[in-house]
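Structure record follows, encoded as structure tokens.
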Amino acid sequence: MSDPSYDLPPPPIPAYNPTPITTLPTLIQTLHDNHHTHRKTHDIAWRIKQLQALYYALLDIQPLARASLTADLGRAEFENHFADFCFVRDELVNTIKNLRNWIADEPVTEGVPWYLRLSNETYIRKDPLGVVLVIGAWNYPWNLNLLPFIGAIAAGNSVVLKPSEVSPHTASVLQKLVEVAGLDRDYYRVVLGGVDETTVLLAQKWDKICFTGSTGVGRIVMRAAAENLTPVLLELGGKNPCVVSPTADIPLAAKRIAWAKVLNSGQSCTAPDYLFIPEKCEEEFLAHFRAALEEFFPGGLTPESKDYTRIVNDRHFSRLVGLLEGTRGEVKVGGKVRDHEAKLMEPTLVKLGADDWEKDVLMGSEIFGPIMAYRTYNGDNGISQLFPVLRRHSDTSLGSYIFSTSRDEQQEYLSHTRSGGACINEAFMNTFIAGLPFGGVGYSGMGCYRGRFSVDSFLHRRSIVRNRGRWTDWVVSGWRFPPFTKKKFGLVQMMVKSPGFARVGTKWIPEGWVVDGVPVQEVARARL
């Protein structure tokens, strides 16, 4: 690594001290008062200075951040940078560079008649929503906490960030980050705590709530938000399917799927959850999958392995062990290395049998770990046979992946499935491309964030009509004001645009327009 801070011993991680519950209502009310009274966050230059300070604080605090991720996740150093630090730094640079363009007023001419364009200026103004709550996730705690936090700041909101208590060391360092950056405490706060603190937060009035996490907790957030008619942005999860077509490049598919599953030890909301492999390609796929793991982790996994992330805590480790012990499937790859003390579980591929495989424990809910179920299918019958199964288990998953060299097959897959995002001949990579929105659909969430999409998610697009002056009344005085006459009615009718298309079956004859030989006027009367 080129970062000189790697040669320094990690500093002590700040203690995790939950925010006193009794202070939360007053804290949030103070943010509301400051936001609407002093309105500092409406100043674009001021917002940019806050984001710039956050960028350099992120650099300064990086040794502490790495230590926190090691303590919480046992995360590989490369994954720390690739999936968290570099991602957030790029987000900040991109936002700072483009913010003025993103939030500039948008002139509107489409749908505005010429006479109103003459008399009015029409545009969309982008206003901050107000005071926003961001509840982050534990599995990519810098990425999934700071990306919406950055977007909310950039959009001009006051923000409360509530990191997950499941990664407590990182949560306390995120609080330290905001302190080191010197972000204005009158507008930005980090609240630490668990279920009790979150419950109190959700009971307050917000202008928007952003939650990243499980579908079950997402329902709780949405119910609480409904009490105050608060809009929500939900990034949830689901069982992300992966289909290998008979036309796929099998070595490529096996390696990329293996990588997508081992990243963060499978603790990713967009990791492939279950897999379909053509019967004729099964042994080839398994051989290349094993080869990929041997290439990734030469010599196998041990408690000393530094390139493989650990399971976050004992509860999740026990849950994953329970899945392996409860499945009726056959372990084809891995499944042996399970070190509870080190919270180390090797990547495991389980083949589900033909009998009631959809009821297997591995198909019950999102696995969220290094275990992946798979089924074989008759590739000669095409991938269309899989669509009913995908609808039953993954109708609106967060991710969906197809490996195929056929363009027709690729389009068929996209046309018959629904998901927040998708990859063709890739897995997971759509979540790492900054220009693409990260968001779900249906059970996997609503709304999106990342880059410009983050800023748009925390803005109100306000329709503005600015009249050009008293003189413009002559443009509309012929029809706008009472008394209403037949002449004015005729003028209004003339203003309506011609559709540019005819009724189906309409044609012109010397006697006039007819539909299937019947005069148009009679057709209209007959429908009443």
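The values are calculated or read from the model by the stated rules, or taken from the named source; none is laboratory data. In this text the structure is predicted, and so the values were computed from the model without any measurement. Don't worry about glycine lacking a Cβ; one is built from the backbone with ideal geometry, like all the others, and counts go over all protein chains shown. The accessibility values were calculated without ligands, DNA or RNA, using every heavy atom of the protein model including side chains. Shrake-Rupley method; radii C 1.70, N 1.55, O 1.52, S 1.80 Å.
Would it be correct to say that Glu282 is of a type in the set (Asp, Glu), within 30 Å of Lys343 (Cβ to Cβ), open to solvent by less than 30 Å² (accessible area, probe 1.4 Å) and in contact (Cβ under 8 Å) with a residue 60 or more places away in the chain? Considered against the rule, which asks whether it is of a type in the set (Asp, Glu), within 30 Å of Lys343 (Cβ to Cβ), open to solvent by less than 30 Å² (accessible area, probe 1.4 Å) and in contact (Cβ under 8 Å) with a residue 60 or more places away in the chain, Glu282 comes out as no. When the residues of the range 446-489 are narrowed to those that are among the small types (Gly, Ala, Ser) and in contact with a strand residue (DSSP E or B) (Cβ under 9 Å, 6 or more places away or on another chain), which ends up least open to solvent (accessible area, probe 1.4 Å)? Looking at the filtered set, the residue picked out is Ser454. Restricting to the range 35-72, give me the number of residues that are in contact with a Phe, Trp or Tyr (Cβ under 6 Å, 6 or more places away or on another chain) and among the polar types (S, T, N, Q). Of the residues in that region, 1 qualify.
Out of everything in the range 218-239 that is surrounded by fewer than 19 Cβ atoms within 10 Å (Cβ to Cβ) and in contact with a helix residue (DSSP H, G or I) (Cβ under 8 Å, 6 or more places away or on another chain), what residue ends up being farthest from Gln267 (Cα to Cα)? My answer is Pro231.
Just one of the listed residues (Val321, Val312) is touching a residue at least 40 places away in the same chain (Cβ under 8 Å) and either in a strand (DSSP E or B) or hydrophobic (A, V, I, L, M, F, W, C) (or both), namely Val312. A single entry from Arg100, Arg89 fulfils the requirement of being closer than 30 Å to His316 by Cβ and touching a helix residue (DSSP H, G or I) at 6+ places or on another chain (Cβ under 9 Å): Arg89.
Does Arg319 satisfy being within 15 Å of Phe368 (Cβ to Cβ), open to solvent by 50 Å² or more (accessible area, probe 1.4 Å) and modelled with pLDDT of 95 or more? It is true that Arg319 is within 15 Å of Phe368 (Cβ to Cβ), open to solvent by 50 Å² or more (accessible area, probe 1.4 Å) and modelled with pLDDT of 95 or more.
Taking residues in the range 490-503 that are within 18 Å of Gln521 (Cα to Cα) and among the basic types (Lys, Arg), and partners anywhere that are open to solvent by less than 70 Å² (accessible area, probe 1.4 Å) and outside any loop (DSSP other than H, G, I, E, B), the pairs with Cβ atoms closer than 8 Å and at least 6 places apart or on different chains are Arg503/Val515; Arg503/Val520; Arg503/Val523. Of all residues in the range 327-347, those satisfying the criterion of being over 17 Å from Gly266 (Cα atoms) and either open to solvent by less than 30 Å² (accessible area, probe 1.4 Å) or acidic (Asp, Glu) (or both) are Thr327, Gly329, Glu330, Glu341. Only helices (runs of 4 or more DSSP H) whose full extent lies in the range 438-528 are considered here, and the ones with at least 2 residues that are hydroxyl-bearing (Ser, Thr, Tyr) and under 30 Å from Leu234 (Cβ atoms) are 452-457.
For Ser305, the conditions (1) out of contact with any Lys or Arg (no Cβ under 9 Å at 6 or more places or on another chain); (2) in a loop (DSSP other than H, G, I, E, B); (3) open to solvent by less than 10 Å² (accessible area, probe 1.4 Å) are fulfilled apart from (3). Could you say whether any residue in the range 55-65 is over 17 Å from Pro128 (Cβ atoms), modelled with pLDDT of 95 or more and aromatic (Phe, Trp, Tyr)? The answer is yes, given that some residue of the range 55-65 is over 17 Å from Pro128 (Cβ atoms), modelled with pLDDT of 95 or more and aromatic (Phe, Trp, Tyr). Does Tyr115 satisfy the criteria of being farther than 24 Å from Ile153 by Cα, of a type outside the set (D, E, K, R) and either assigned to a loop (DSSP other than H, G, I, E, B) or open to solvent by 20 Å² or more (accessible area, probe 1.4 Å) (or both)? Yes, satisfied.
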